[in-house]
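Each remark here refers to the structure printed beneath this line.
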Amino acid sequence: MRPWLARRGRGERGSAVVDFVMVMVILLPLFAALLQLSLVLHVRNTLSAAAAEGARRAAVSGATLAEGRARTTEQILGSLNEKYAAGVVIKDTSIGGVPAVEVRIRAEVPALGLGGPAIAFTVSGTAVREEAP
């Protein structure tokens, strides 16, 4: 056996573990950040759709704000936790002088869904009120 070949093999023993650790130090925080971003975007998009749906329901001719709030809450409970339905505010407003309904939802998404510092945001949905014929 060649002596230089034997020395080279012994010197690299365990280097795969070191390489693995060095790569994971970079990849784990990157994966955690991507997971957090996807969770926040999912919650924000779901709440935004629920707010728009609730505003449309309340804006229908003969409907009340309570019906719009109920529709918003129903949409939230269909895909998220009930704590997100606590921040729903619905009110009459106007868009360019035209009567409308606005639904605002304030929510906080905890880091990685496990607790800790939360990311707070507000979404809203508006719809122009229909007039009875």
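Of the numbered criteria (1) among the small types (G, A, S); (2) open to solvent by less than 60 Å² (accessible area, probe 1.4 Å); (3) touching a helix residue (DSSP H, G or I) at 6+ places or on another chain (Cβ under 7 Å), the one A52 fails is (3).
Listed by first and then second residue, the pairs linking a residue in the stretch 94-122 that is modelled with pLDDT under 90 to a residue that is assigned to a loop (DSSP other than H, G, I, E, B), with Cβ atoms under 8 Å apart and 6 or more places separating them unless they lie on different chains, are P110/G116; P110/P117; A111/P117.
If I ask for residues that are more than 12 Å from the chain's Cα centre (by Cα) and among the polar types (S, T, N, Q), which ones from the stretch 25-80 would you list? Across the stretch 25-80, the qualifying residues are S61, T64, T72, T73, Q75. For the structure I just gave you, tell me whether R56 is touching a strand residue (DSSP E or B) at 6+ places or on another chain (Cβ under 8 Å), more than 30 Å from L28 (Cβ to Cβ) and in a helix (DSSP H, G or I). Considered against the rule, which asks whether it is touching a strand residue (DSSP E or B) at 6+ places or on another chain (Cβ under 8 Å), more than 30 Å from L28 (Cβ to Cβ) and in a helix (DSSP H, G or I), R56 comes out as yes.
Return yes or no: is S61 more than 14 Å from V109 (Cα to Cα), among the polar types (S, T, N, Q) and free of Cβ contacts under 8 Å to residues at least 40 places away in the same chain? Quick ask: steps written out before the conclusion?
Working: more than 14 Å from V109 (Cα to Cα): yes; among the polar types (S, T, N, Q): yes; free of Cβ contacts under 8 Å to residues at least 40 places away in the same chain: no.
No; evaluated as a whole, the condition is false for this residue.
Cβ-Cβ contacts under 8 Å between residues 6 or more apart (or on different chains), taken from a first residue in the stretch 26-40 that is in contact (Cβ under 8 Å) with a residue 12 or more places away in the chain and within 11 Å of V109 (Cα to Cα) to a second residue that is of a type in the set (G, A, S) and open to solvent by less than 60 Å² (accessible area, probe 1.4 Å), are listed as Q36/A111; L39/G113.
The values are calculated or read from the model by the stated rules, or taken from the named source; none is laboratory data. Predicted model only: the values in this text are computed from it and were never measured. Note: ideal-geometry Cβ built from the backbone for every residue, glycine included; neighbour counts use all protein chains shown. Note: areas computed on protein heavy atoms with side chains; ligands, DNA, RNA excluded. Shrake-Rupley method; radii C 1.70, N 1.55, O 1.52, S 1.80 Å.
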